[in-house]
Amino acid sequence: MIDEAKAKGAIPIVSSATPNNPYENSATIVNSPSRFEGYAKNIAATKGVPFVSHYKSSIVLYTSLGKTTTESYFPKDHTHTNAAGAAQVAKAFIGGLKCSSAKGILANYFTSTSKAISAMC
């Protein structure tokens, strides 16, 4: 898929998956990415395309928000956030786009709101 997108002039961005509730059954954040984090990073490097560790940027955000706030974003299960959680995960993606592995690929398209979000690497 990456090769086909590049052949059409697109610049693909590979992103890893977001974490499940990292505070589930724990008083502190559990930061243990799945094997898919590494797979995504490796394929981006192999194909020479930007990579966003959406997992890592989400963990950085959840760590800053703390257990109570983070858990409020997962009202039904440990995987799916509510709307407020989805907004935070989107914010984390913007923060991830500001990390060096994303190669500044979308920096010229950031709105003033996006520019105000710090890098989350």
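The values are calculated or read from the model by the stated rules, or taken from the named source; none is laboratory data. On a predicted model such as this, the values are computed, not experimentally measured, just so you know. We place every Cβ from the backbone using ideal geometry, glycine too, and count neighbours over all the protein chains shown. Ligands, DNA and RNA are stripped out before the accessible areas are found, and what is left, the full protein with its side chains, is counted by its heavy atoms. Shrake-Rupley method; radii C 1.70, N 1.55, O 1.52, S 1.80 Å.
Scanning the stretch 81-121 for residues that are in a loop (DSSP other than H, G, I, E, B) and closer than 23 Å to Pro22 by Cα turns up Thr81, Asn82, Lys98, Cys99, Ile117, Ser118, Ala119, Met120, Cys121. Considering the stretch 31-46, and only residues there that are open to solvent by 70 Å² or more (accessible area, probe 1.4 Å) and out of contact with any helix residue (DSSP H, G or I) (no Cβ under 8 Å at 6 or more places or on another chain), the residue that is modelled with the lowest pLDDT turns out to be Ser32.
Filter the stretch 62-83 for residues that are surrounded by fewer than 20 Cβ atoms within 10 Å (Cβ to Cβ) and either of a type in the set (S, T, N, Q) or closer than 18 Å to Cys99 by Cβ (or both) and give the result.
Thr63, Ser64, Thr68, Thr69, Ser72, Thr79, Asn82
Do you know which residues across the stretch 93-121 are within 14 Å of the chain's Cα centre (by Cα), open to solvent by less than 40 Å² (accessible area, probe 1.4 Å) and not hydrophobic (A, V, I, L, M, F, W, C)?
Step one: of the stretch 93-121, the residues within 14 Å of the chain's Cα centre (by Cα) are 93-102, 117-121.
Of the ones still in play, those that are also open to solvent by less than 40 Å² (accessible area, probe 1.4 Å) are 94-97, 99, 102, 117, 120.
Across the stretch 93-121, the qualifying residues are Gly95, Gly96.
Close contacts from the stretch 25-39, counting a first residue that is more than 18 Å from Phe74 (Cα to Cα) and a second that is among the polar types (S, T, N, Q) and at pLDDT 95 or above, with Cβ to Cβ under 7 Å and a gap of 6+ residues or different chains, come to Phe36/Ser16; Glu37/Ser16; Glu37/Ser53. Search the stretch 47-59 for residues that are within 15 Å of Ala90 (Cβ to Cβ) and open to solvent by 10 Å² or more (accessible area, probe 1.4 Å) and pair each with any residue that is outside any helix (DSSP H, G or I) and of a type in the set (Val, Ile, Thr) when their beta-carbon atoms are under 6 Å apart and the residues are at least 6 apart or on different chains. Pairs found: His54/Thr18.
Please pick out the residue among Val49, Val60, Val30 that is out of contact with any Ser or Thr (no Cβ under 6 Å at 6 or more places or on another chain) and part of a helix (DSSP H, G or I).
Values: Val49 fails: part of a helix (DSSP H, G or I); Val30 fails: part of a helix (DSSP H, G or I).
Going through Val49, Val60, Val30 in turn, the sole match is Val60.
Among the conditions (1) of a type in the set (Gly, Ala, Ser); (2) in contact with a His (Cβ under 6 Å, 6 or more places away or on another chain); (3) open to solvent by less than 20 Å² (accessible area, probe 1.4 Å), the only one that Ser15 does not satisfy is (3).
Among the conditions (1) under 20 Å from Ala86 (Cβ atoms); (2) among the aliphatic types (A, V, I, L, M); (3) modelled with pLDDT under 95, the only one that Ile13 does not satisfy is (3).
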